[in-house]
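Read-outs: derived from the displayed coordinates by stated rules, not from any lab. Given the structure is predicted, the values throughout are model-derived calculations rather than measurements. Neighbour counts run over all protein chains shown; Cβ positions are idealised from the backbone, glycine included.
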Amino acid sequence: MPSSSSSSSSFIFDNKSKAFILIAVIVLFVLYNFSSSSSPPPTTIVTTSSSSSTPTSNNQDKMSLKAVCVLQGEAVKGVVRFTQDGKDAPVSVEYEVTGLKEGDHGFHVHQFGDTTNGCLSAGPHFNPHKKNHGAPTDDERHVGDLGNIKAGADGVAKGTITDKIISLFGEHSIIGRTMIVHADVDDLGKGGHKDSLVTGNAGSRVSCGLIGRQSDL
């Protein structure tokens with residue numbers, strides 16, 4: 001049978017152990033709470049877009065756009081450049097075409113940007129408003145009706161047209177369509193021929209090219 005002194009020592013030891021464990025738990029708890037409270041709160045980053053970084057539709061309508069077309073044909077070649085200083089501004093059409101016979105030649109924007117079958121696959125004149133063919137100054141005209149360009153005895157036609165109907169902006173932009181030069185004079189819808197109100201009876205398509213957005217480089 002164990003002595004009373006031995007039992008007393010065990011009891012004291014057990015109590016000391018429990019007290020030590022309790023103190024250790026309290027210390028760890030205090031340290032954990034102190035660490036949590038002293039840590040900085042999580043950082044929240046809020047990004048906002050500057051009004052100047054993304055152009056508004058109003059700013060886009062006022063920006064200048066440029067387009068270019070390289071004309072290709074068996075003999076007739078050239079370059080046409082389009083500039084528009086804002087959605088509501090007229091379009092300046094600067095052209096230089098070589099290899100033409102002397103005289104006037106129909107000059108039109110056609111509906112499709114497709115030259116897989118030469119100039120024929122470009123379709124009819126660009127005419128989103130379903131009007132008859134006419135002169136550039138007529139109210140009744142296709143959007144793509146740019147009249148005639150005149151070649152000299154050297155076969156070169158060079159000049160600038162200013163037009164208020166075609167546009168490089170919006171739903172009816174001519175970018176992505178085809179520019180075509182015709183073999184004959186455009187009668188501007190007034191020739192009385194069966195094709196006058198459709199094509200201006202301007203003859204075959206001797207040169208064409210896609211109208212593309214011009215690089216700023």
Between residue 190 and residue 160, take the C-beta separation as r, use R0 = 35 Å, and let me know the FRET efficiency to the nearest 0.05.
0.90
In the structure shown, do any of 131/158; 77/194; 87/194; 62/164; 77/130; 87/150 have a Cα-Cα gap over 27 Å, and if so which?
131/158; 77/194; 87/194; 77/130; 87/150
How far, in nm, would the chain grow between residue 26 and residue 70 when pulled straight, counting 0.36 nm per residue and subtracting the alpha carbon separation?
7.4 nm
Rounded to the nearest 20 debye, what is the charge dipole size of the stretch 64-213 about its Cα centre when +1 sits on each Lys and Arg Cβ and -1 on each Asp and Glu Cβ?
280 debye
The stretch 126-183 - percent relative contact order, Cα under 8 Å, separation 6 or more
21 percent
Expected sort for 102, 74 with the fewest Cβ neighbours (10 Å cutoff) up front is 74, 102
Quick one: compute the contact order of the stretch 64-213, relative version, from alpha carbon pairs under 8 angstrom and 6+ residues apart, as a percent.
31 percent
From a point 7 Å beyond the Cα of residue 94 in the direction of its Cβ, which residues of the stretch 137-173 have a backbone N at a distance under 15 Å?
158-163
In nanometres, the difference between 0.36 nm per residue of separation and the alpha-carbon distance of residue 213 and residue 62 is 52.7 nm
Which of 104, 154, 85 comes first, and how do the rest follow, when ranked by fewest Cβ neighbours within 10 Å?
154, 85, 104
